[in-house]
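Engineer: Handing you a structure now.
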Amino acid sequence: MRLKTIIFFIILNLNIASAENFTLDLNKVLKNLRCLVCQGQSVADSNSEFAQTIKLVVKDQIKEGKSEKEIYNFLVEKYGEWIVYKPPLNKVNFVLWLFPYLVFVIGGVVIFLLLKKRNNH
Amino acid sequence: MQKKIIKSSIILFIIFIIGVFFTGLNKSSIYDTKNLVGQKITNIKLERFNNNRIITEEDLKKNDFTLINFWASWCAPCRVEHPILLKLNKEKNLKLLGVNFKDKKNNALKFLRDLGNPYDDLARDELGKYSINFGIYGIPESILINKDLVIIKKFIGPISQNDYTYIKNTVRE
């Protein structure tokens, strides 16, 4: 009896763990998708017809075993890059991606030069 | 020397910021699908309205031009474009494929009985999932494709008189 109870709880635990994993992945993907018919809402936050359909499609694709990247690629192909909040690095937006690093490096150089100057004095 | 470097860096930075704002503010933030023009539609899978047969790419390749129209009986602007679709039905080189979107079958049939059926072929997308493959985000929307399944134009909202002239001229060329 005790063994049966232990097995029951192990199976229950495994099911809960996998369900949590599925929800987590789905929400993560939906939060990075823009609702195209809403004002500043992600697909995860919206209940519009469009968002509901996208939720169904993403759910299906996760069930089919598609990766996060594959799902984004599919939707970007259909709706353009505007649908993802975090667009992939490409020749149009490379400045946007590189700019923070560039500012970091330039800032470092400027601070270094100022400190050097102060030490020399 | 160092002062000069700092000065020119600041000036360059200001120019860059102005440039970013200038381009950013001039760019329209309204979503449109004009970038999808020229793309090929793949993985077409639509359930026929009257039976369970699936409409595939092969079916659409048989037509010189196909206008895929997404509609529903509950969609008021669909009623506005309906007379234009009926006129387009008379075009020889054009086939009209209607996709009934998130609708009840009886309501859809009543809609077509009352207003006329302009479609050469009719499909059904009960949950709206298949329409995502066509980049649909609201209805009515229509996509004009050629034999190679390449998108010639996407029409967001009801088809206007100007759109009608454009479609007519394109398929008659």
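Engineer: Name the residues in the stretch A:28-56 that are at the interface with another protein chain (Cβ under 9 Å from one of its Cβ atoms) and part of a helix (DSSP H, G or I), would you?
Structural biologist: Of everything in the stretch A:28-56, those that are at the interface with another protein chain (Cβ under 9 Å from one of its Cβ atoms) and part of a helix (DSSP H, G or I) turn out to be A:GLU49, A:PHE50, A:GLN52, A:THR53, A:ILE54, A:LEU56.
Engineer: Does A:ILE62 count as at the interface with chain B (Cβ under 9 Å from one of its Cβ atoms) and of a type outside the set (Lys, Arg)?
Structural biologist: No: the conditions fail for A:ILE62.
Engineer: In the stretch B:53-71, how many residues are modelled with pLDDT of 95 or more and in a loop (DSSP other than H, G, I, E, B)?
Structural biologist: 0
Engineer: Another question, if that's okay. A:GLY40 - would you say it is small (Gly, Ala, Ser) and within 23 Å of B:PHE21 (Cβ to Cβ)?
Structural biologist: So A:GLY40 fits the description; yes.
Engineer: Say whether the condition of being within 30 Å of B:LYS3 (Cβ to Cβ) and of a type in the set (Lys, Arg) is met by at least one residue in the stretch A:72-89.
Structural biologist: no
Engineer: Under 7 Å between Cβ atoms, at least 6 apart or on separate chains: pull out the pairs that start in the stretch A:46-70 with a residue that is more than 19 Å from B:ALA72 (Cα to Cα) and end on any residue that is of a type in the set (Asp, Glu).
Structural biologist: That search, which allows pairs on different chains as well, returns A:ILE62/A:ASP25.
Engineer: Please work out which residue is surrounded by the fewest Cβ atoms within 10 Å (Cβ to Cβ), limiting yourself to the stretch B:87-97 and to residues that are without any contact (Cβ under 8 Å) to a residue 40 or more places away in the chain and touching a Pro at 6+ places or on another chain (Cβ under 9 Å).
Structural biologist: B:ASN89
Engineer: Within the stretch B:108-161, take every residue that is among the charged types (D, E, K, R) and under 15 Å from B:ASN69 (Cβ atoms) and give me the one that is nearest to the other protein chains (Cβ to nearest Cβ).
Structural biologist: Looking at residues that are among the charged types (D, E, K, R) and under 15 Å from B:ASN69 (Cβ atoms), I get B:ASP125.
The values are calculated or read from the model by the stated rules, or taken from the named source; none is laboratory data. Here the structure is a predicted model, which means the values were calculated and not measured. All Cβ positions, even for glycine, are placed from backbone atoms using ideal geometry, and neighbour counts span all protein chains on display.
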